[in-house]
1. Tell me which residues, restricted to the range 240-270, are within 22 Å of the chain's Cα centre (by Cα) and closer than 30 Å to Gln105 by Cα.
2. If the Cβ limit is 7 Å and pairs must be 6+ apart or interchain, which residue in the range 250-268 that is in the same structural domain as Ala311 (by TED's automatic domain parsing) pairs with which residue that is β-branched (Val, Ile, Thr)?
3. Can you name every residue in the range 172-189 that is over 21 Å from the mean Cα position of the chain (by Cα) and part of a loop (DSSP other than H, G, I, E, B)?
4. If you take the residues in the range 208-233 that are among the aliphatic types (A, V, I, L, M) and more than 22 Å from Gly31 (Cα to Cα), which one is surrounded by the most Cβ atoms within 10 Å (Cβ to Cβ)?
5. When residues of the range 77-115 are filtered for being farther than 30 Å from Arg362 by Cα and within 23 Å of the chain's Cα centre (by Cα), how many remain?
6. What are the residues in the range 325-372 that are without any contact (Cβ under 8 Å) to a residue 60 or more places away in the chain and touching a Leu at 6+ places or on another chain (Cβ under 6 Å), if any?
7. Being small (Gly, Ala, Ser) and surrounded by 14 or more Cβ atoms within 10 Å (Cβ to Cβ) is the filter; apply it to the range 351-377 and report the residue that is nearest to the chain's Cα centre (by Cα).
Amino acid sequence: MANHQNHQNLGLDGLHKTKVVVVMVPFPAQGHLNQLLHLSRLIMSYNIPIHYACTATHIHQAILRVHGWDPNSFSNLHFHELTIPPFLCPQPNPNSKNKFPSHLQPLFNSSLHLREPIAALLRELSSEARRIIVINDSMMASVVQDVWESMGKNLERNANVIPKDFPSLEDCFTTEFLDTIASQYEFQNLNSGCLYNTCRILEATYMDLMEKLDGDKKHWAIGPFNPVRNIVENKTNSNGRHKCLEWLDKEAPKSVIYVSFGTTTAMEDKQIEELAIGLEQRFEERVKDKGLLMRDWAPQLEILSHPSTGAFMSHCGWNSCMESITMGVPIAAWPMASDQPRNTMLITSLLKVGIVVKDWSRRDQLVTSSTVENVVKTLMASKEGDEIRKRAVDMGEAVRRAMDKGGVSRLELDSFITHITR
């Protein structure tokens, strides 16, 4: 570890000798947009300019919904609003058996046309920068393939790598989105390393395994990307606080369960009714007099860090998992699609900081109000729940320390900066 730290210092001392810029290419979905924006903030702290490139709509969405810092206040963060072909997304279907947000597929297809605008941006930047580092979402691998080709590297075509009948992915994605994944997979080896929004405190075993299997590539676990210290240190700042935080101020410590299923989940009416009944009897009366139902964008990190929040009922999207873990809040796991069933297993079976609401093996069945009620009671008012909460709190403290100077995630971030500025 000492040699690693010394090597980093040598690299960082020489930062002024080479002008390095970083280009961020996010996948145009909320959970992907905000994490690359948070990653931009981390890298900017090393005085490296960031060029964040996406469509105008999604750039505005990312800026509007980010919490804990103001992207417009940084002079070395540059946004590039790129154009893609027009598309029309249908309304989401809450009654669909597959809960993957298939209504966004036209957007995903259109976003693959960003290759030419990205290539033009890279050509423009190459005239003023000695080195350009491109950080792209794995789902945007094809749009940055010109970077690899400009380096004289050949692309090895290897389509149909991911079998569509892979058992653990059953009902996690639509056939159309699996086609999108397959179209990107052949480009995903066109990189010199991978960044992960995780922490070795959480997934050291799996990071070690990936490094062993992919020994010629660099792998950095530099999460959490979210602005942990900004949120924790500004808890008492009342300027511009969201109304839901003022509501939480009036509640007892650890007495509130926060319920959110992400930005793309659509539930059928019957399931919503069962959820409402299960959370508490006479739910409508409670919401009217004491609870709070929000339909606008909620400051999730601030909610999770609030002392009144005792648990998080979540779809287990990875951003929500990392945010809840970071803030030390146990999770009631209700996976819907995508990577969420696997995340649920990590949260409940391996890290043991949550409890399952929806068993993925019975995903076609309605989650009954009694199941919801039992999970809430277990998590909020039982010895088992107390043990889960203690593990969550301890893990949250450890993950937050990982981002401090000398912490494992901070050291990995230093290592990455040294690598790109060498």
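The values are calculated or read from the model by the stated rules, or taken from the named source; none is laboratory data. Remember, predicted model here, so these are calculated numbers, not experimental data. Here the Cβ is made from the backbone with ideal geometry for all residues, glycine too, and neighbour counts use every protein chain on show.
1. Tyr258, Val259, Ser260, Phe261, Gly262, Thr263, Thr264, Thr265, Ala266, Met267
2. Correct list of pairs: Val256/Thr309; Ile257/Val376; Tyr258/Ile303; Tyr258/Thr309.
3. Kept after step one, since they are over 21 Å from the mean Cα position of the chain (by Cα), are these residues of the range 172-189: 175-176, 179, 182-183, 186-187, 189.
Listed by number, the residues that qualify are Glu186, Phe187, Asn189.
4. Narrowing the range 208-233 to residues among the aliphatic types (A, V, I, L, M): 209-210, 213, 221-222, 228, 231-232.
Add one more test, that the residue is more than 22 Å from Gly31 (Cα to Cα), and what stays is 209-210, 213.
On the way: Leu209: 11, Met210: 15, Leu213: 8.
Checked the range 208-233; the qualifying residue surrounded by the most Cβ atoms within 10 Å (Cβ to Cβ) is Met210.
5. To start, the set of residues in the range 77-115 that are farther than 30 Å from Arg362 by Cα comprises 77-88, 107, 109-115.
Still in the list and also within 23 Å of the chain's Cα centre (by Cα): 77-82, 107, 109-112, 114.
Total satisfying the criteria: 12.
6. Ile355
7. Restricting attention to the range 351-377, the residues satisfying the condition of being small (Gly, Ala, Ser) are 354, 361, 369-370.
Then keep just the ones that are surrounded by 14 or more Cβ atoms within 10 Å (Cβ to Cβ); that gives 354, 369.
Values: Gly354: 18, Ser369: 29 Å.
Within the range 351-377, the match that is nearest to the chain's Cα centre (by Cα) is Gly354.
Every residue, every condition in (1) part of a helix (DSSP H, G or I); (2) surrounded by fewer than 14 Cβ atoms within 10 Å (Cβ to Cβ); (3) free of Cβ contacts under 8 Å to residues at least 60 places away in the same chain, yes or no:
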{"site": "Pro86", "(1), (2), (3)": "no, yes, yes"}
{"site": "Pro94", "(1), (2), (3)": "no, no, no"}
{"site": "Phe108", "(1), (2), (3)": "yes, no, no"}
{"site": "Leu112", "(1), (2), (3)": "yes, no, no"}
{"site": "Glu116", "(1), (2), (3)": "yes, yes, yes"}
{"site": "Leu121", "(1), (2), (3)": "yes, no, no"}
{"site": "Met140", "(1), (2), (3)": "yes, no, no"}
{"site": "Val144", "(1), (2), (3)": "yes, no, no"}
